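Here the structure comes first, spelled out in structure tokens, and everything after it is commentary.
The values are calculated or read from the model by the stated rules, or taken from the named source; none is laboratory data. Note that the structure is a prediction, hence the values are computed from the model and not measured. Cβ placement follows ideal geometry from the backbone for every residue including glycine, while neighbour counts extend to all protein chains displayed. The accessibility values were calculated without ligands, DNA or RNA, using every heavy atom of the protein model including side chains. Shrake-Rupley method; radii C 1.70, N 1.55, O 1.52, S 1.80 Å.
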Amino acid sequence: AQSVTQLGSHVSVSEGALVLLRCNYSSSVPPYLFWYVQYPNQGLQLLLKYTSAATLVKGINDFEAEFKKSETSFHLTKPSAHMSDAAEYFCAVRGGAGGTSYGKLTFGQGTILTVHP
Amino acid sequence: EAEVAQSPRYKITEKSQAVAFWCDPISGHATLYWYRQILGQGPELLVQFQDESVVDDSQLPKDRFSAERLKGVDSTLKIQPAELGDSAMYLCASSLGARGGNEQFFGPGTRLTVL
């Protein structure tokens with residue numbers, strides 16, 4: 001079975017400060033990992049994805065995430081927060097070939113990011 | 001830019017009534033997903049279609065929920081009868097295929113409130 005744990009349901013930062021949203025995963029096969037952002041009453045938008053190429057993945061709006069197999073982590077970072085980054089962020093894992101969860105996307109509980117002026 | 005379309009955006013109904021949600025995926029996307037997102041939680045997969053066939057409905061409450069994708073294009077999710085606990089956001093997503101690296105594109109969702 002695969003699972004995702006997002007540490008911290010709420011994160012608050014000041015505008016211009018570093019953003020760090022934590023995600024740990026569990027998967028029986030090499031995973032595909034995703035970060036999505038959701039604004040109120042909207043669907044999810046993909047920020048970035050890890051598909052076993054480079055371990056440091058760059059996404060939209062200056063977000064990036066690093067895949068660390070030894071730590072089973074895929075934390076999301078952004079060097080400088082902007083007011084428009086305030087939203088809910090979801091980490092998700094998708095099983096690779098050979099696993100019983102092949103193709104199925106499993107989401108974490110989400111982290112609400114608040115950005116203070 | 002192609003998008004996943006969903007309707008209605010909002011639905012209020014009374015318990016025991018029937019409700020239906022519609023989804024039109026991005027053209028050419030063979031795989032379609034319905035997710036339920038309860039407030040404060042991440043989305044949970046209800047059903048996955050590959051073309052017109054269901055490939056995963058293990059989390060679909062089949063006594064009251066049904067889903068179809070008759071021509072392998074658009075899809076309908078139905079709840080009958082609705083219960084208070086069904087209040088949630090229902091999200092539709094589509095992808096080119098089910099392979100792990102394929103991105104899932106999400107629609108805006110239908111917010112269901114059951115009174």
So, of the residues in the range B:30-49 that are more than 14 Å from the chain's Cα centre (by Cα) and at the interface with chain A (Cβ under 10 Å from one of its Cβ atoms), which turns out to be surrounded by the most Cβ atoms within 10 Å (Cβ to Cβ)? B:Gly42
Output the residue which, of all residues in the range B:71-102 that are within 14 Å of another protein chain (Cβ to nearest Cβ) and assigned to a strand (DSSP E or B), is farthest from B:Thr113 (Cα to Cα). B:Ser95
Considering only chain A, give the strands (runs of 3 or more DSSP E) lying wholly within it that have at least 2 residues that are within 28 Å of B:Gln48 (Cα to Cα) and within 14 Å of chain B (Cβ to nearest Cβ). A:3-7, A:19-26, A:32-38, A:44-50, A:87-94, A:105-107, A:111-116
Can you find even one residue in the range A:63-74 that is among the acidic types (Asp, Glu) and under 25 Å from B:Met89 (Cα atoms)? no
Take B:Ser53 and decide whether it is away from chain A (no Cβ under 13 Å), over 25 Å from A:Gly108 (Cα atoms), of a type in the set (Ser, Thr, Tyr) and in contact with an Asp or Glu (Cβ under 9 Å, 6 or more places away or on another chain). no
Do we find that B:Lys15 is more than 13 Å from the chain's Cα centre (by Cα), closer than 18 Å to B:Arg111 by Cα and in a strand (DSSP E or B) in this structure? no
Take the range B:6-29 and flag every residue that is hydrophobic (A, V, I, L, M, F, W, C), in contact with a Leu (Cβ under 9 Å, 6 or more places away or on another chain) and open to solvent by 50 Å² or more (accessible area, probe 1.4 Å). B:Ile12, B:Ala20, B:Trp22
Which residue, of A:Thr55, A:Thr51, A:Thr77, is at pLDDT 95 or above and of a type outside the set (D, E, K, R)? A:Thr77
